Amino acid sequence: MNQFSRTELIIGKEGIEKLNNSKVAIFGIGGVGSYVVEGLVRAGVQNFILVDDDKICLTNLNRQIIATRETIGKPKVEVAKERILEINPNANVEIYQEFFMPDSPEILDNTVDYIVDSIDTVTAKIELVMRANKLNIPIISSMGTGNKLDPTKFEVTDIYKTSICPLAKVMRKELRARGIQKLKVVYSKEEPIKPNETENISCKNNCICPPGTKRKCTIRNQVPGSISFVPSVAGLIIAGEVVKDIIKK
């Protein structure tokens, strides 16, 4: 018996070996990405690249599995790496605490078997898709999970078959302009909920945002609302898609 014995009953020994030997790069370790990591390491993936510039903030407690009172103020990639190794000490984890953008240095190569895009910035998402296509690495991208309340509305499809989701609409336009013919995505068909007006809630003494971060830890009306069971479901759906695609190879 080992920690993957029950998983082996479903995907077989060969499937476990494929997952053990695979390397997955996850960009964005937030509400979606942290659950992608969780689903993958528990399934048997042993080699990771984690990319995120943020530190865990008080407002992350409502949706990110790596966020606890003890981890507030710590870099997300470091906390995620520690959690991975607590689940599987045999895992190999490369971490990059940086804000991925078009001018970011290349950290992907042909040893990467799959890329997960769970970042928020459209420019960064497009750049990641372009790099994945150039390197011929499979990629799956998360569309918007903010301002959503129904986790049963998620679908896995091609970007050009999406509807309703505002982020998907922008991505369709930008990717079409760049000649990208397909992109596997997880998106929600739920109409976005208009956030309730709220007072600004700035960082407190126990909530540390990294210097120069692109997104301060402040809730404003224009920032999407979120809840525990929506981004988490998207993240686990993505993990499932990655696992299924890897074992089908």
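What follows draws every value from the coordinates through simple rules; no lab data is involved. Everything quoted here is computed from the prediction, not taken from an experiment. Glycine also receives a Cβ, built like all others from the backbone with ideal geometry; neighbour counts cover every protein chain displayed.
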Please compute the net charge surrounding V32, taking Lys and Arg as +1 and Asp and Glu as -1 over other residues with Cβ under 13 Å from its Cβ. -1
Between K173 and S228, how many nm apart are label points set 7 Å from Cα along the C-beta direction? 3.7 nm
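Given +1 on the Cβ of Lys and Arg, -1 on the Cβ of Asp and Glu, and no further charges, what dipole in debye does the stretch 5-248 carry about its Cα centre, rounded to the nearest 20?
Working: 34 positive and 30 negative charges, 119 e Å.
So the magnitude is around 560 debye.
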Can you list the residues, at least 5 places off or on another chain, whose amide H is less than 5 Å from the amide H of Q46, using H built in the peptide plane? S22
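By counting other Cβ atoms within 10 Å of each Cβ, how are D120, D52 ranked from fewest to most? List each step's numbers first, then the result.
Values: D120 18, D52 25.
Least crowded to most crowded, the residues run D120, D52.
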Could you pull out the GluC sites (Glu not before Pro) across the stretch 94-191 that fall in loop regions by DSSP (anything but H, G, I, E, B) with no more than 10 other Cβ atoms inside 10 Å? E106
Counting DSSP beta bridges with both ends in the stretch 5-248, the antiparallel % (nearest 5): 25 percent
Of L183, L108, L128, L149, how do they rank once you tally other Cβ atoms within 10 Å and put the fewest first? L149, L108, L183, L128
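Rounded to the nearest 500, what is the chain's calculated 222 nm mean residue ellipticity when only DSSP H runs of at least 4 contribute -39500 (n - 2.57) each, over all residues?
Numbers: 6 runs with 84 residues, N = 249.
Calculated at 222 nm, the ellipticity per residue is -11000 deg cm²/dmol.
Please tell me the relative contact order of the stretch 5-248 in percent, rounded to the nearest whole number, where contacts are Cα pairs under 8 Å and at least six residues apart. Write down the numbers at each step before the final one.
Numbers: 466 pairs, mean separation 61.7, N = 244.
Across the stretch 5-248, relative contact order equals 25 percent.
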Each label point is 7 Å from the Cα along the Cα-to-Cβ direction; what then is the distance between the points at T68 and E106, in nm? 4.0 nm
